[in-house]
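Undergrad: Let me give you the structure first, and then I'll get to my questions.
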Amino acid sequence: MATAATPASSAAGGVDWRQEWYEFDGATYLNLAGQSPVPKSAIRAIQSAIEWKKFPHHIPDTAYFDLPNKVRASIAKLIGGKPEEIALTAGASTGMLAVAYGLSWKPGDEVLTAIAEFPLQYATWKPMEQREGITLKIISPRDRFLTANDFIAALTPRTRIVSVSLVRFDNGAMLDAARLAVACHAQGALLLLDVSQCCGAIPLDVAQLGVDFMVSAGYKWLLGPFGTGFFWAKSEHIAKMRPGPFYWMGAEGAENFAALAFADPKPVQAARRWDAAETANYYNLAALDAGVDLVSRIGPENVMVHNHKLIDLLFSRLPPDRFVVASPLDHKHRGPYGCFQARTPEKTKEFYDKLRKENVIISLREGKIRVSPYMYNSERDIDRLISVVTV
């Protein structure tokens, strides 16, 4: 797939999952954390959706709800939640905004996030300092990588919510979210996790994690297109959220297109009130449906095992005199990808440019080369990367 290689079979019956994607035109694609290539099944789904728009007289009214509800149920199953707790969004930011505007705030309430977090954390919470009088506290790691202990040590009686990525975008470090959730709840605080860099690539269960809110983009490990994602809210929190504008198709009775003249709409007691407008997007949602279905068939646990094996191989092959591993070595503390860097930022950029020139597709994030394989990759792809940086 990515290069001529031995089949990249998963632990699930030795299936060659590479056949689910088209060839990459000679590229070694190791950048799923940046953008998922669209699988063949999603392309077929998009083509079918185009036919619907080509002949709209074939679209039944139920189609506006059937596909969103199917995707909702699939995502809920993937994370151990309930379909009514899922909003279908255009990305992770939508859910963040729902929480920011939906919670009741008092001046001096604290929101905790991490230093050098993905920008959506700051874009969400910094304006809330001026709007609501809250305080955004930035937590730094005491050791090399951020841990749950760093947040637990910073909790105070004024902490309202901890908002953080489960897996960091710049080094793959993964938090012990379950431990953090226990500490948050003991303090009377909530926990919001951005799972964009792991949902679909590691097993997730909202009950075991103890999380209150979860957001995710859909165009990475859920194998969907850009402009997709979800927001999960624990049922008990949905009813407590402050009233605010909502998507009209999230109103009670909106399923009946023949009787829409209601002047005082009431939002359903479900997360779909925060759905992105035009939820029944025939193209994006059809592709996301196919992507999530493929994720479920592969199994996040199989992606995790496969990727850990490839990243372990990468780290073991990097010449230690030239490179430094920039991710945790312990699988318990590392997400589905890994990062490394040269001895200087300038050298790191040189190696990144060299890899891209040789059509080895990776990302450069915060001075680190991020390598994010998937089921279409094999050991041969890691060999090719190593051959480029060691010549």
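Undergrad: Along the positive direction of the dipole of the chain (beta-carbon charges: Lys, Arg +1; Asp, Glu -1; about the Cα centre), which of 324, 284, 216 reaches farthest?
TA: 324
Undergrad: At a Förster radius of 25 Å, what calculated FRET efficiency corresponds to the Cβ-Cβ distance of residue 54 and residue 278, to the nearest 0.05? Don't skip to the end; give the middle numbers.
TA: Numbers: r = 18 Å, r/R0 = 0.72.
Efficiency at R0 = 25 Å is approximately 0.90.
Undergrad: Moving on to the next point. What FRET efficiency do you get for residue 65 and residue 264 if R0 is 22 Å and r is their Cβ-Cβ distance, rounded to the nearest 0.05?
TA: The value I calculate is 0.50.
Undergrad: Taking all protein chains as present, what is the carbon and sulfur share of the accessible area of region 1-157, in % to the nearest whole number, probe 1.4 Å?
TA: C and S atoms contribute 57 percent here.
Undergrad: What's the whole-number percent of alpha carbon pairs in region 56-133 lying beyond 16 angstrom?
TA: Working: 1957 of 3003 pairs.
The share of Cα pairs beyond 16 Å in region 56-133 comes to 65 percent.
Undergrad: Is the shape of region 86-183 best called rounded, prolate or oblate, per the rule: a/c under 1.5 gives rounded, else a/b larger than b/c gives prolate, else oblate, with a ≥ b ≥ c the square roots of the Cα gyration tensor eigenvalues? It would help to have the intermediate numbers written out before the result.
TA: Details: a/c = 1.67, a/b = 1.20, b/c = 1.38.
Judged from the Cα gyration tensor, region 86-183 comes out oblate (a/c at least 1.5, b/c at or above a/b).
Undergrad: Would you calculate, for the chain, the mean residue ellipticity at 222 nm contributed by helices, counting each DSSP H stretch of 4 or more residues as -39,500 (n - 2.57) and dividing by all residues, to the nearest 500? List each step's numbers first, then the result.
TA: Working: 12 runs with 138 residues, N = 391.
So the calculated ellipticity at 222 nm is -11000 deg cm²/dmol.
Undergrad: Tell me, what is the per residue accessible area of the chain in Å², probe radius 1.4 Å?
TA: Solvent-accessible surface per residue comes out at 43 Å².
Undergrad: Holding the Cα-Cα limit at 21 Å, pick out from 137/240; 106/126; 82/137; 220/368 the pairs that are longer than that. Mind dumping the intermediate values first?
TA: Details: 137/240 25 Å; 106/126 15 Å; 82/137 32 Å; 220/368 19 Å.
Violating the 21 Å Cα-Cα cut-off are 137/240; 82/137.
Undergrad: If you don't mind, there's one more thing I want to ask. Out of all Cα-Cα pairs in region 255-379, roughly what percent, to the nearest whole number, are more than 24 Å apart?
TA: Cα-Cα pairs of region 255-379 separated by over 24 Å account for 51 percent.
Undergrad: Compute and list, largest first, the equivalent-ellipsoid semi-axes of the chain from the alpha carbon gyration tensor, each √(5λ) rounded to a whole angstrom.
TA: Numbers: eigenvalues 249, 169, 53 Å².
The three semi-axes for the chain are 35, 29, 16 Å.
Undergrad: Please list, by residue number, every one of the GluC sites (Glu not before Pro) in region 293-391 that is coil in DSSP and has at most 16 other beta-carbon atoms within 10 Å. Don't skip to the end; give the middle numbers.
TA: On the way: sites: 301, 346, 350, 358, 366, 379; in loops: 358, 366.
In loop regions of region 293-391 (DSSP not H, G, I, E or B), the sparsely surrounded GluC sites (Glu not before Pro) are 358, 366.
The values are calculated or read from the model by the stated rules, or taken from the named source; none is laboratory data. Fair warning: this is a prediction, and the values are worked out from it, not measured in the lab. Every residue, glycine as well, gets a Cβ built from its backbone with ideal geometry; the counts of neighbours run over all protein chains shown. Side chains are part of the model used for accessible areas, which takes the heavy atoms of the whole protein and leaves out ligands, DNA and RNA. Shrake-Rupley method; radii C 1.70, N 1.55, O 1.52, S 1.80 Å.
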